[in-house]
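Peer 1: One structure coming up, written as structure tokens, with questions to follow.
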Amino acid sequence: MNGQISHYVALGSTSRETGYYVAGPIRQDDQIVGVIAIKIRSSSIGDLLHQLGEDETHGVDWALSDEYGVIFAASRDEWLHRSRHPLSTATLDRLRQERRYPGTQPSVMPAPYRSRHEGADHSLIMRLSDHVGTATAPISGTDWRITFFTSTHGSAPLAMAYAAMGGITALAITLIGVVLVFREMTRAQMLRTAVRDPLTDLFTRLYMKEAIPPLVAMHDRHPDQGFTMVMLDIDHFKRVNDHHGHLAGDRVLAYVGSIIREEVRAGDIPVRYGGEEMAVFLPGEGLTEGRKCAERIRQTVENAAIRAGHSVLSVTLSAGVATHRQGESLSTLIARADRELYCAKQSGRNRVCVEGSTAPETN
């Protein structure tokens with residue numbers, strides 16, 4: 001919820017299986033409205049390295065640890081959720097707050113396998129019966145570290161352990177690819193949310209502020225081509241929410257949005273201006289085409305039967321039409337179209353008011 005993509009290792013509260021999580025925010029109208037996450041089970045990581053533990057003659061054990069040093073995948077089950085080095089009280093508190101390993105208190109590894117301090121890339125610790133070689137390295141692109149524990153008798157097992165680093169690196173590259181794909185999915189979703197209103201599928205007001213000013217400037221250079229705006233508002237929309245609930249209100253907005261999309265031409269720009277208010281911009285057209293467009297939408301909405309749960313609703317809308325005047329700003333054009341919309345409301349609703357007309361057009 002901090003607005004960034006994160007990736008971390010955690011123990012699933014339901015499955016009790018450790019997994020690698022990638023999570024990112026879902027945005028709507030510049031606000032974070034939720035989080036989407038994916039999980040890769042650590043068992044798939046274990047499968048890659050399990051072959052190292054199948055033959056005891058190899059003498060190689062391995063462990064994958066998170067950024068705190070807690071082991072989440074290993075060749076020995078008794079090592080799971082242990083730490084490679086002693087953890088401070090502050091780190092243990094942080095792990096509890098982050099709910100990484102709920103119901104588990106990470107204990108430190110036995111002395112022969114323990115790191116002297118965090119970040120030790122290589123250490124040799126004497127055992128009573130053997131020498132244990134510990135090789136540790138970070139995995140590029142993650143917060144993880146891979147540690148190999150092997151007998152120091154002979155160089156073959158240690159060489160094999162280092163050779164296995166190639167497989168781990170390939171896994172890390174795969175995980176990085178997952179993060180990048182997820183990031184692109186999130187960016188695409190964020191981009192669509194910025195451009196299209198998720199409820200009505202009309203363009204957003206944010207998009208309008210970016211796309212319409214260049215068209216206004218073009219009309220200033222070519223005033224003979226025309227540029228008209230239609231402002232639309234659903235009549236008595238509050239009654240729908242009050243009598244039938246907000247879900248019914250959302251259904252009405254979505255249905256009216258679909259009607260507007262069907263009734264405009266390919267070059268027109270329909271926008272959800274705010275709440276139950278919509279707008280349509282008609283590049284290259286004057287008041288006549290603006291009036292026709294508004295009337296098509298008004299009549300179709302009036303004749304529509306909108307199903308919302310067990311109810312069948314009918315609504316009407318009012319519209320105001322204004323054409324851009326050379327040299328005026330977008331905000332001025334919107335204000336004039338809004339005045340015509342107010343005229344339609346004051347004249348009884350379910351009608352279209354066009355600037356310059358002596359009387360509003362009704363059904």
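Peer 1: Could you please find all residues in the range 310-338 being free of Cβ contacts under 8 Å to residues at least 40 places away in the same chain and either in a strand (DSSP E or B) or buried (at least 16 other Cβ atoms within 10 Å of the Cβ) (or both)?
Peer 2: Scanning the range 310-338 gives Val312, Arg336.
Peer 1: For the range 339-348, indicate whether the set of residues that are surrounded by fewer than 13 Cβ atoms within 10 Å (Cβ to Cβ), farther than 15 Å from Ala279 by Cβ and either over 37 Å from the mean Cα position of the chain (by Cα) or outside the structural domain of Asp224 (by TED's automatic domain parsing) (or both) is non-empty. Write out each step before concluding.
Peer 2: Going through the range 339-348, the residues surrounded by fewer than 13 Cβ atoms within 10 Å (Cβ to Cβ) turn out to be 346, 348.
In the following step, the residues that additionally are farther than 15 Å from Ala279 by Cβ were identified as 346, 348.
Now narrow it down to the ones that are either over 37 Å from the mean Cα position of the chain (by Cα) or outside the structural domain of Asp224 (by TED's automatic domain parsing) (or both): 346, 348.
For the range 339-348, residues surrounded by fewer than 13 Cβ atoms within 10 Å (Cβ to Cβ), farther than 15 Å from Ala279 by Cβ and either over 37 Å from the mean Cα position of the chain (by Cα) or outside the structural domain of Asp224 (by TED's automatic domain parsing) (or both): present.
Peer 1: Also, quick follow-up: For the structure I just gave you, tell me whether Asp268 is surrounded by 15 or more Cβ atoms within 10 Å (Cβ to Cβ), closer than 22 Å to Lys238 by Cβ, of a type in the set (Asp, Glu) and touching a strand residue (DSSP E or B) at 6+ places or on another chain (Cβ under 8 Å). Full working, then the answer.
Peer 2: Details: surrounded by 15 or more Cβ atoms within 10 Å (Cβ to Cβ): yes; closer than 22 Å to Lys238 by Cβ: no; of a type in the set (Asp, Glu): yes; touching a strand residue (DSSP E or B) at 6+ places or on another chain (Cβ under 8 Å): yes.
So Asp268 does not fit the description; no.
Peer 1: If you don't mind, another one. What number of residues in the range 289-309 are among the aliphatic types (A, V, I, L, M), surrounded by fewer than 18 Cβ atoms within 10 Å (Cβ to Cβ) and at pLDDT 95 or above?
Peer 2: Final tally of qualifying residues: 0.
Peer 1: Follow-up question, since we're still on this one. Kindly provide the set of residues from the range 216-243 that are farther than 19 Å from Lys345 by Cα and surrounded by fewer than 17 Cβ atoms within 10 Å (Cβ to Cβ), ordered by number. Working first, answer last.
Peer 2: Step one: list which residues in the range 216-243 are farther than 19 Å from Lys345 by Cα, which gives 216-228, 241-243.
Passing the criteria: Ala217, Met218, Asp220, Arg221, His222, Pro223, Asp224, Gln225, Asn241, Asp242, His243.
Peer 1: Any idea which residue in the range 69-121 is nearest to Val9 (Cα to Cα), counting only those that are acidic (Asp, Glu) and modelled with pLDDT of 75 or more? Break it down stepwise before answering.
Peer 2: Of the residues in the range 69-121, the ones acidic (Asp, Glu) are 77-78, 93, 98, 118, 121.
Now restrict to residues that are modelled with pLDDT of 75 or more: 77-78, 93, 98.
Details: Asp77: 17, Glu78: 18, Asp93: 16, Glu98: 11 Å.
The selected residue is Glu98.
The values are calculated or read from the model by the stated rules, or taken from the named source; none is laboratory data. Bear in mind that the values here come from a model prediction, so they are computed numbers and not experimental data. Every residue, glycine as well, gets a Cβ built from its backbone with ideal geometry; the counts of neighbours run over all protein chains shown.
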